[in-house]
Amino acid sequence: MLALLKWLFEHIDFVKIAELQRGRNNRKVAARLHLALIAAYEIVDVQETLLDILNAALKSYRKDGDRHIISVNAHWTANLLRRQADNLEKLDRLLRDLYAEIRLLDPSFEANYRAMFPGKFGILFDAQYLLWQARLPIGEDHPVPWMDGDGLVYRTLWLGPLEPDKDRDEERRYLHPVNGTEKDIIDVHASDGTAFMVELERYFEVEKPFERLAALKESAESYKQALTEHLSLSDVLAEIGNLKRG
């Protein structure tokens, strides 16, 4: 998911959007750009908190006979993941609103938007669904923009409370978009012990999420600088109240 978000902030030319709106004095676009920046920083903050929790769990993991001692508070992490889903939903909505405002003025924005939202739903919707299910996507090797492809392994850590009555094999089939093909899905819960720790260790060693998070922070800072240079505070404040109420 970190790679996806970094791709998004690198492929949407916020500088160009800000310049276009300044020439047209479009305060709605200015306010939406500002709210998208707020959402971006919130996404970074929540993701950093989740990584700190998981890294601490990895370092403190131990076995006591047949018991696996994994320090993850399922209710707390589930709440964080749902908060992140809400952040992505806000960003999703703001990008759709921006598309309606500027698609005729910026062909590159339209092309990147179409890559993110090839149909009625898009790649951010897929991520929201997983997060609402208290799952953290941990496979960063997927193509961006999102697409189904042969040989992909869909990996998630289930960080919410275990629901013993559910058929996990059946549930796993519907964690990702269904296109009629079988998918290789790894979905592990802390109660799975060794299997969970193997995936958690792989995540930090192979996917290097802290490095990806640092790159995402850098992209968000570039976005902030672009807004600071091209938008006035009066543009934002004049419209932001109306957008929040809407």
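Summarising the amide proton neighbourhood of R155: residues at separation of 5 or more, or on other chains, whose placed amide H is nearer than 5 Å comprise I138, G139, I186. The string of couplings for segment 152-165 from the Karplus curve (6.51, -1.76, 1.60, θ = phi - 60°) is 7, 10, 8, 10, 9, 9, 8, 10, x, x, 6, 10, x, 7 Hz, one whole number per residue in order, with x for Gly and Pro. If you plug the beta carbon distance of K63 and E211 into 1/(1 + (r/R0)^6) with R0 = 30 Å, you get a FRET efficiency near 0.55. Remark: for residue pairs K90/K183; K183/K208; K59/K208; K166/K208; K90/K217, the C-alpha separation exceeds 26 Å in K90/K183; K166/K208.
Legend: Rg and Dmax of segment 32-83, from Cα coordinates, 15.3, 55 Å. Electrostatic tally near L37: other residues with Cβ closer than 11 Å to its Cβ, Lys and Arg +1, Asp and Glu -1, net 0. Per residue, the solvent-accessible area of segment 186-231 (1.4 Å probe, heavy atoms of protein chains only, all protein chains present) comes to 48 Å².
The values are calculated or read from the model by the stated rules, or taken from the named source; none is laboratory data. Since the model is a prediction, treat every value here as computed from it, not as a measurement. With ideal geometry, Cβ positions are generated from the backbone for all residues, glycine too; neighbour counts draw on all protein chains shown. Heads up: the accessible areas ignore ligands, DNA and RNA and are worked out on the full protein's heavy atoms, side chains in. Shrake-Rupley method; radii C 1.70, N 1.55, O 1.52, S 1.80 Å.
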